1. In the set Ala80, Ala29, Ala18, which member is touching a residue at least 60 places away in the same chain (Cβ under 8 Å) and either of a type in the set (D, E, K, R) or closer than 29 Å to Val115 by Cα (or both)?
2. All but one of (1) part of a helix (DSSP H, G or I); (2) of a type outside the set (D, E, K, R); (3) free of Cβ contacts under 8 Å to residues at least 24 places away in the same chain; (4) more than 26 Å from Asn98 (Cβ to Cβ) hold for Gly58; state the number of the condition that does not hold.
3. Report whether or not Ser73 is more than 15 Å from Asp36 (Cβ to Cβ) and either touching a helix residue (DSSP H, G or I) at 6+ places or on another chain (Cβ under 7 Å) or of a type in the set (Ser, Thr, Tyr) (or both).
4. Return yes or no: is Ala13 crowded, with 21+ Cβ neighbours inside 10 Å and over 22 Å from His71 (Cα atoms)?
5. Taking Ala80, is it over 13 Å from the mean Cα position of the chain (by Cα) and either in a loop (DSSP other than H, G, I, E, B) or surrounded by 15 or more Cβ atoms within 10 Å (Cβ to Cβ) (or both)?
6. Could you run through the stretch 31-49 and say how many residues are more than 22 Å from His71 (Cβ to Cβ) and either surrounded by fewer than 24 Cβ atoms within 10 Å (Cβ to Cβ) or of a type in the set (Gly, Ala, Ser) (or both)?
7. For Leu91, only one of the following conditions fails: (1) at pLDDT 95 or above; (2) surrounded by 15 or more Cβ atoms within 10 Å (Cβ to Cβ); (3) within 22 Å of Arg20 (Cα to Cα). What is its number?
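The values are calculated or read from the model by the stated rules, or taken from the named source; none is laboratory data. Note that the structure is predicted; figures quoted are calculated from it, not measured. Here the Cβ positions follow ideal geometry from the backbone for every residue, glycine too, while neighbour counts run over all protein chains shown.
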Amino acid sequence: MSLDLFNLSGKVAIITGASRGLGQYLARALALAGADVVITSRNVESLKEFTQEIESLGRKVLPLPLDVREHQSIQNMADAAYDHFGRIDILVNNAGCNVRKPAVDVDWEDWNLVVD
């Protein structure tokens, strides 16, 4: 089998929640496969070191702030990504919200924050 199947050269990927964990791992994997990446986090400062790592792989990278709980934040990120790269090919919707309390204490507002 040819590895061309996994060649993402010329593609642009957005990875939400890319400051750590699975989001960072997936962004790195996509960059290694040849994609340029938009990496997002609520705290864009947390992406500085990772931005340098992606650049060292020879890929273009755009770190952007994003809070997936706010529609305007999503729109701003998508607009900035498209304006910068001129295309968006891949979306990894990794970011999420969590409520840190015992399940019996979760109310409807908490539930909607996590699920919505």
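1. Ala18
2. (1)
3. In short, yes.
4. So Ala13 fails the test.
5. yes
6. 10
7. (2)
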